[in-house]
Amino acid sequence: MAAPIALHLEFGGGAELLFDGVKNHHVTLPSQSEPWDMRQLLAWIRGNMLKERPELFVQGESVRPGILVLINDADWELMGELEYQLQDQDNIIFISTLHGG
Amino acid sequence: MCQVDEEYNGHLEKISLPTLSKKCVKCKDGTAVLIIRVGDAFCRDCFKEYFIHKFRAMLGKNRVIFPGEKVLLAVSGGPASSSMLSQVQEGLSRDAPKKLRFVPGIVFVDEGGACGLSVEERQRAIAQLESIFREKGFPYHVVHLEQVFSLPGSVLEAVSSAPEQPGSSYKAAVDQFIQNSRGEHGLMEPSVEDAESGFAQLSTQDPTYPTEHRLALERLLASVRTLTAKEDLLQTLRQHLILHTARVHGYTKVMMGDSCSRLAVKLLSSISLGRGASLATDTGFSDTRYGDVVIVRPMRDYSSKEIAFYNRMFNVPSVFIPGLDTKTPEKASIQRLTESFVTKLQADFPSTVSTIYRTSEKLHSARTPQSAITDLTSKCLLCMCAIDTNTEEASAFNAILVSERLSQSGLRETAPHTQAQALPTESPGQCCSSGGQGQGCGSGDCCSSAQSSVTPDLKGLLCYSCRLTIKDMTAVETLPQYIMTEAEKRQRRLRMKMEISEFLLDDEESGE
Amino acid sequence: MPVQCSSCTKKRAVLKRPKTGHSLCKDCFFWAFEEEVHQTIVSARLFNRGETVGIGASGGKDSTVLAHVLKVLNERYDYGLKLLLLSVDEGITGYRDDSLETVKRNQQQYELPLKIVSYEELYGWTMDAIVKQVGLKNNCTFCGVFRRQALDRGAMMLKVDKICTGHNADDVAETVLMNVLRGDIARLRRCTAISTASEGEGAIPRCKPLKYTYEKEIVLYAYFKKLDYFSTECIYSPNAYRGHARTFLKDLESVRPSAIVDVIHSGETLSVKEGVKMPVQGTCSRCGYISSQALCKSCVLLEGLNRGLPRLGIGKHHRLHGKILAQQPLTQQEERKLKAIDF
């Protein structure tokens, strides 16, 4: 049984608009039998946080192409993407690259 | 960014479907059975006439197939190539003045070994196709993908053909043919005789292939990391097999069944794969990259919808054989993604396919100087198109080389100023520097000739796009022997050229 | 499982580069990013010493990064350029007024002079007013055409030698795909050019120093450098068809990250058949701006707005140019076709 973990989520580059315009969110993921990974986090965000048009944020079980993900300030492509196992106090940042020039 | 200095209207607007008119637009009498383009409803008879006419018009307009010429039809069993086969049969059997006058044969490449089909499934598919082919009465050749492991290196040589035919020589050939055929009747019905010899040949041919080749194919595919590269490589190997079959049996033209829908997808995926320079060759009516054997695409005016309707209405049989991308998700490969993109866009904007297709008609095959046709090092080892990495200094290709260099170890220490001086000015073929270092030859140390004779560094011999395919391979040496042998040969030639040029350069310098 | 930087091999990597697949730490990334833009500028000979260069600044990520990098490189390599920021105020309440605030902050942060030209002063129309007349469907056409010319006019006021814009690799690749989808062979041929030479009187040469820079890297550069940029979508909705091309491109990138630069390579190497008709560039007989028709797009659009016939500039109505030039009235039938009703 994994203990609940606290995360700092940040949405930027326009992605925050899908979350009531709020950039910073401190969330606590409930305890569950296996450790939390990014795949589950995205499903959790979709189920618990997304206010509108979830397809603009998640597609399939990943993020929509064009949204960058940083885990503790590093590109998630270096961290195993969906497989990354979340740690307590992790800092996860989502930056949309899709609008504005 | 909404940099809109463009007009989005006219053909891009969604076109609302017209109300179904009950009558055929052509004869104004028959009941319409399908709509071809927006608003054009045809009845059964007019559709048949239109479909048949279009095939002959395409061949007539382009005038590249000579009377009496041996033409190999590449049939995959799918709807478009099956439809092409039925059109050829139709054209040869008629007594109309526009009768087709070439001598057809069929090739089928059995790729079951690459697509995870069992031996039984493969045999069943081949048996189905053979019964179709036999009914047509044309000679046919069944080739297994495993046979690439016994191809000779000469496949990769583009043989220059007789000078390109101007209209007059075509006409002369037609006259000649008509005269000859008046004299001896036999020439007009060559198919029966050929068909028999075709069968004879086939029966002597061992239908199986050695186990080692089956294993070699498995090893090869296992070393390709992405489906994108797999599909690309499969396409290349298939072309080599067809080309070889054509040469061995004396065919000088090969007909491929690419429909307009297929070509639109191919054009867009070619762009995404970095094949811009070869677009015209890849999608045009005639494709002369091989020199002595010319590929033609007579089905390029038909949409897949027309083909599907025709096949269904006039009982053209086809055989469904699962391919590499069957049942794969949308994002499994660039090719697959492009296909689903075009299909979806076509559903919203009905002129998508025809617009993309028209783009292909305005393109020009990469300029190949006459001298370059025989110079093998100027053609890509794999796809045999002109090598497109001789770009200007400011180009995407060089930008990638710069990025690779800057992302590697040990370079950061170099003072920025000297770095700036060392701008990339590379010629393709310089052993490893041309390919961007990171991948081919271990970190930092440039490949010695000893090393490259074991696994030749292919990059300098490939076009931009085939480099990408090879980059997705973990073990280049699993490629068939004919490719590796030819690579070594070209590598030697390039090295020799370089040595000579260095020698000349030295000479010049000392003269100063 | 921290990944090591492939360049310094010491520090932890912070990003995977889409173009090459290498992993870099923050410092090596900054260095490589700036160095690549430098190489692009040098190899394409974008600028000459002593020139005044106007940076088209919208406050968005691309132009903010462009302004920052150009300032850095101008000092590091002593280009000897006089840089300034050039902004266009389209007159979109709640969008451009906010982003212009960002540009004004950039002006102070980078100590670069700033010039703002507005649609209102140039054309007598704000985008808000235009949308009121034409609706939401074709407004991007007006905005795009007007912006292009507005930037030139602003540049001329400041006697700028060259304009550079923040178009990145994704933008260029997207435009290649767009032009294929639209069958626009003339633009397909031109759209990969890194700079437009002076095309005639009224136009100032333009270039795209970020042409080979991925959007992903621009966003990360801005993020790690904590650059101040504005990121909100234009409230007058982007074009749907272009949206399709963008989505497709992003999907391609997710299948094979090099796809974006591969598309650009395709665009750079394809060749167009001779004999395919290409428009001939001339100049507008009303304002002198470059145009392939008797009247430039901007003048036609403006005429349409002023006559209350907004459709005039949408679609092809070249045969009416003569009448417009001669200030003749249009027939009732012509007028009816050009009113906004069925937009």
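Read the figures in this text as sums done on the coordinates, not as results from a lab. Please read all numbers here as calculations on a predicted model, not as lab measurements. All Cβ positions, glycine included, derive from the backbone under ideal geometry; neighbour counts span all protein chains shown.
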Worksheet item: Going through region A:1-57, which GluC sites (Glu not before Pro) have at most 16 other Cβ atoms within 10 Å and a DSSP loop state?
Response: A:E52
Worksheet, complete the sentence: Under a Gaussian network model of chain C whose springs join Cα atoms within less than 10 Å, the largest fluctuation of C:T93, C:T213, C:T196 belongs to C:T93
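Report, in listed order, any pair from C:K10/C:K82; C:K137/C:K226; B:K471/C:K26; B:K459/C:K26 with a Cα-Cα distance greater than 29 Å.
On the way: C:K10/C:K82 38 Å; C:K137/C:K226 36 Å; B:K471/C:K26 26 Å; B:K459/C:K26 31 Å.
Where the Cα-Cα span goes over 29 Å, the pairs concerned are C:K10/C:K82; C:K137/C:K226; B:K459/C:K26.
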Worksheet item: On average, how many beta carbons from a partner chain sit within 10 Å of the beta carbon of a residue in C:171-177?
Response: 3
Practice prompt. Rounded to whole Å and sorted largest first, list the principal axis extents of the Cα atoms in chain C.
Written response: 75, 43, 36
Item to complete: Have a look at A:V22, A:V58, A:V69 and tell me which one the Gaussian network model of chain A (Cα, springs below 10 Å) gives the largest fluctuation.
Response: A:V22
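Filter the chymotrypsin sites (Phe, Trp or Tyr not before Pro) in region B:298-332 down to the DSSP loop ones having no more than 13 other Cβ atoms within 10 Å, then list what survives. Walk me through the intermediate numbers first.
Values: sites: B:Y302, B:F309, B:Y310, B:F314, B:F320; in loops: B:Y302, B:F314, B:F320.
Taking region B:298-332 and a limit of 13 other Cβ atoms within 10 Å, the loop chymotrypsin sites (Phe, Trp or Tyr not before Pro) found are B:F320.
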Discussion item. Just to check I understand the Karplus step: with θ = phi - 60° and J = 6.51 cos²θ - 1.76 cosθ + 1.60, what whole-Hz values come out for region C:167-181, glycine and proline as x?
Written reply: 4, 10, 4, 4, 4, 5, 4, 4, 5, 4, 4, 4, 5, 5, 5
Response to the item:
Once the in-chain neighbours fewer than 8 apart are removed, the lysines whose Cα is under 26 Å from B:K70 read B:K54, B:K61, B:K98, B:K99, B:K136, B:K171, B:K253
Fill in: Built amide H within the under 5 Å cut-off of B:K379, gap 5+
B:I387
Fill in: Cβ-defined net charge surrounding B:P322, 11 Å radius [Lys, Arg +1; Asp, Glu -1]
-1
Practice prompt. Find, among the trypsin sites (Lys or Arg not before Pro) in region C:6-97, those assigned to loop by DSSP (not H, G, I, E, B) with at most 14 other beta-carbon atoms within 10 angstrom.
Written response: C:K10, C:R45, C:R49
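Within the set of other residues whose C-beta is less than 13 Å from the C-beta of A:R64, count the net charge using Lys and Arg as +1 and Asp and Glu as -1. Write down the numbers at each step before the final one.
On the way: positive: A:R46, A:R53, B:K331, C:R246, C:K250; negative: A:E55, A:E61, C:D251, C:E253.
Once all neighbours under 13 Å are counted, the net charge is +1.
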Worksheet item: So how do C:T9, B:T352, A:T28 line up by other beta-carbon neighbours within 10 Å, fewest first?
Response: A:T28, C:T9, B:T352
Worksheet item: Expressed as an acute angle from 0 to 90° and rounded to the nearest 10, what is the orientation of the C-alpha long axis of helix C:240-255 relative to the principal long axis of chain C?
Response: 20 degrees
Response to the item:
If amide H atoms are modeled at 1.01 Å from N in the peptide plane, then the residues at a separation of 5 or more from C:L85, or on another chain, having amide H under 5 Å from its own are C:I55, C:L114, C:K115
Fill in: Sequence-distant residues sharing a close amide H with B:V64 (under 5 Å, placed H)
none
Worksheet, complete the sentence: Per GNM of chain C with C-alpha springs under 10 angstrom, the most fluctuating residue out of C:A32, C:A67, C:A155 is C:A32
